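Chemist: Below is one structure. I have some questions about it.
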Amino acid sequence: MKTVAETFGTRRDALRLGGLGLASAAVEGFLPRRVSANSKVSPRGTARNVLFYEINGAISHLESWDFKENAGTPADLEVTKHREGLYLSEKLFPKFKGHIDKFAILRTLLSHEEVHFRGQTYVQTGRPLNLAFASEIPAIGSVVAMELESRRRASDTFPTYMSFNLEKAFPGALSTGFLDPRFSVVDINPEIAGQGSTLNESAIELVEERWRLLTKLREAQRDRISSFERKMSSYENFYDAAHQLVADGRWTEAFDITEKDRERFGETDVATSCILARNVLKKDAGTRYVHICHPGWDHHKYIWDHSATTNHYKLCAEFDRAFSALIQDLALTPSPTNPHRTVLDETLVVAMSEFGRTPGALNNLQGRDHYNKVYPALFAGAGVEPGLILGETDADGSQCVETGWHRKEQPRIENVVATIYSALGIDWSKKVHDTPSKRTYAYVDELGAPGWIPTDEISSIYG
C-alpha cells in the first residue's frame, strides 16, 4: 500500500497539471473583445471532439500512405494492392490495413517548414514560427478551449485541451500565448501515468482538509489578493481546476489501464497515450481537443536497418498496434449523448507529420532526410467520407500533380487547422484585434511564409 505522500507524488508527476503550457502561459490572462469575422464562412459543426495524432519526426510518405517503389525501398515490405490507388505494406501495417478504409487520405500537403522545431511549432499553432511575437501565439488547442468554454456543462471537470507526450516534441507543449492561462493544455506524461495511481480514502480526506484550509486563507487575504489582479486569479483558476479533478472519480477511472488494453495496444508510451485518450473521450467529462504525440520518426540514418536501435520498422509497429486499437475502440464505443452514433462519429481524427521524407534513393547513411514539398494526412470521423484518396503526386512522390481539393494551390497546415475549427463549429475566419501587442491575430493566417495563401477548410474530405 502506498503512503499518502507517495500517492500524491506519483499523481502529481503523472498528471503534470498545466504541463509546459502553464509554465510559459501569459499569467496576466487575456480574453479577446475586439473580434471580427468573415460572414461567408459556414462552420460545419459535425464534431464534438478532435483527436490529433502527431507522427512526430516525419514518417516516410513513400512507404506509407503514398507508396512509391524506388531505389530506397526495402525489399521486405510485402507491399500489396489494397484497393484502386492504394498500396500498403503488409509488414508495416498488418492491423491498420483493416481500418484505413475509415479514412480519407490527402497526399499533397505542403509545409512552409523543413526543420523539426519550426515544423512542430507550425503543427501546434497553425502558422510558421516568427520569433518577434512567438510568445504571444496560442496553441490551436488553447483557441479551441477558449471558443468552447461557453459549451462546458456544470459536470465538465476535465480540461478542454489535453495532450499526451507533447513534452517529447521539440518545442514541448506550447502555451496559451496571449490567451488566459485557464485555456492551457494539460500534458500527460504517459510513462509515469502508465504506472497507475489511485487516491485512497485517507488521501482524499487529506486533500479536502487542505482545500478547506486554503479556502479560509484565501478569504482572509481576499483584500490583499485582489490587488494582484489577474496574476493571482489565474493561479487560483488552476487550483480550482485541480481540486475539481481530484474530487471527480471519473478522472482516476480515466487512468485505469487493464491487461487486456496492454495486450491490444502494446507496452509503449504511444500505446499508453492512445489508451488514455480513448478513456478521456469515453468519459465525456469536458475534454474536446486531444493531441497525441508519437515521437522518434526522424531517421536520417539506418531507416530500414533491422539491426538499428530505432528505425521505421519499429515505429510503424508501434503506430500499427496502438492507433489501430484506438480507432477500433472509438468506432465501437456508443456516443455518450446519442445511442445511434459512436464516439468516432462525433470525433474528427487527424493523423499527420510535420513534413515528409526525401524521395528516391537513401542518403549516404542509409536514411531519408526532411522533405516538405508533399506529404500526407489522414482524416476520419465527424462526417468525413471514408475511403477517399485525394491528391496525386508524380511517379517518385516528389511533386504534386493534382492538389486534392478545389484550389490550385496545395493545402497546408493552415487548411488543416481551418478544417479542425470548422468541424467543431468554430468560425475559422475570426481575427482578434486587441491583443496585448496590438498585432492582429487571425485564427487561420492568410499571410503565410510565401505571401497570401488560401485559408479554406479542406472540404474535399467530406466527399
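Chemist: What order do you get for 188, 100, 105 when you list them from fewest to most C-beta neighbours inside 10 Å? The partial results should precede the final answer.
Modeler: Numbers: 188 29, 100 20, 105 24.
With the sparsest Cβ surroundings first, the list reads 100, 105, 188.
Chemist: Residue 385's amide H: which non-local residues (gap 5+, or another chain) put their own amide H closer than 5 Å, with H modeled 1.01 Å from N in plane and none for Pro or chain starts?
Modeler: Here 462, 463 satisfy the definition.
Chemist: A further question on this structure: In sequence order, what are the phi-derived ³J(HN,Hα) couplings for region 404-421 according to the Karplus relation 6.51 cos²θ - 1.76 cosθ + 1.60 with θ = phi - 60°, rounded to whole Hz, with x for glycine and proline?
Modeler: Karplus-based 3J(HN,Hα) across region 404-421 equals x, 8, 7, 9, 6, 6, 5, x, 10, 4, 3, 6, 5, 4, 4, 5, 5, 4 Hz.
Chemist: Amide H to amide H, which residues 5 or more places from residue 390 or on other chains are under 5 Å from it, using H placed in the peptide plane?
Modeler: So residue 390 has HN proximity to 105, 106, 107.
Chemist: Loop-only check: which GluC sites (Glu not before Pro) in region 414-463 are DSSP coil with at most 13 other Cβ within 10 angstrom? The partial results should precede the final answer.
Modeler: Values: sites: 414, 446, 457; in loops: 446, 457.
Passing sites in region 414-463 are 446.
Chemist: Another one. Taking a label point 7 Å from the Cα of residue 408 along the Cα→Cβ vector, which residues of region 99-118 have an amide N closer than 20 Å to it?
Modeler: Residues 108-111 fall inside that zone.
Chemist: While we're looking at this one, here's another question. Amide H to amide H under 5 Å from residue 79: which residues, 5+ apart in sequence or cross-chain, H placed 1.01 Å off N in plane?
Modeler: HN-HN under 5 Å from residue 79: 90.
Chemist: Using the Kirkwood formula on the Cα atoms of region 383-463, what hydrodynamic radius do you get, in angstrom to one decimal?
Modeler: Values: mean 1/r = 0.0700 Å⁻¹.
Mean inverse Cα-Cα distance, inverted, gives 14.3 Å.
Chemist: Taking only C-alpha pairs under 8 Å that are 6+ residues apart, what is the relative contact order of region 52-133 in percent?
Modeler: It rounds to 19 percent for region 52-133.
Chemist: Note down the relative contact order for region 278-419 as a percent, whole number, built from C-alpha pairs under 8 angstrom at least six residues apart. Please report the intermediate quantities before stating the final value.
Modeler: Working: 169 pairs, mean separation 25.5, N = 142.
Averaging sequence separation for qualifying contacts and normalising by length gives 18 percent for region 278-419.
Chemist: Could you give the size of the charge dipole of region 345-463 about its Cα centre, using +1 on the Cβ of each K and R and -1 on the Cβ of each D and E, expressed in debye and rounded to the nearest 20?
Modeler: Values: 10 positive and 17 negative charges, 88 e Å.
Result for region 345-463 is approximately 420 debye, rounded to the nearest 20.
Chemist: Each residue of region 435-443 in turn: what ³J(HN,Hα) in whole Hz from Karplus with 6.51, -1.76, 1.60 and θ = phi - 60°, glycine and Pro shown as x?
Modeler: Once θ is set to phi - 60°, the couplings for region 435-443 become 5, x, 8, 6, 7, 6, 10, 9, 4 Hz.
Chemist: Cut-off under 27 Å on the C-alpha distance; same-chain residues fewer than 8 positions from residue 68 excluded. Which lysines are left, in chain and number order?
Modeler: Here the lysines satisfying the reach criterion relative to residue 68 are 81, 91, 95, 97, 102, 301, 314, 373, 408.
Chemist: Here's something else I'd like to know. Using the Karplus curve 6.51 cos²θ - 1.76 cosθ + 1.60 with θ = phi - 60°, work out ³J(HN,Hα) for each residue of region 262-278 in order, rounded to whole Hz, and write x for Gly and Pro.
Modeler: 4, 5, 7, 8, x, 10, 9, 4, 5, 5, 4, 4, 5, 4, 5, 4, 4
Chemist: First obtain the Kirkwood hydrodynamic radius of region 75-201 from its Cα pairs, then insert it into the Stokes-Einstein equation at 25 °C and 0.890 mPa s, and state the resulting D in µm² per second as a whole number. Don't skip to the end; give the middle numbers.
Modeler: Details: Rh = 18.2 Å.
My calculation gives 135 µm²/s for D.
Chemist: Then there is this: Show which lysines lie in cross-link reach of residue 430 when reach means a straight Cα distance below 22 angstrom and same-chain residues fewer than eight apart are skipped.
Modeler: Result set, ordered by chain and number: 40, 438.
Where a number appears in this text, it was derived from the coordinates with a stated rule and is not lab data. What you are looking at is a predicted structure, and each value in this text was computed from that prediction instead of being measured. Here the Cβ is made from the backbone with ideal geometry for all residues, glycine too, and neighbour counts use every protein chain on show.
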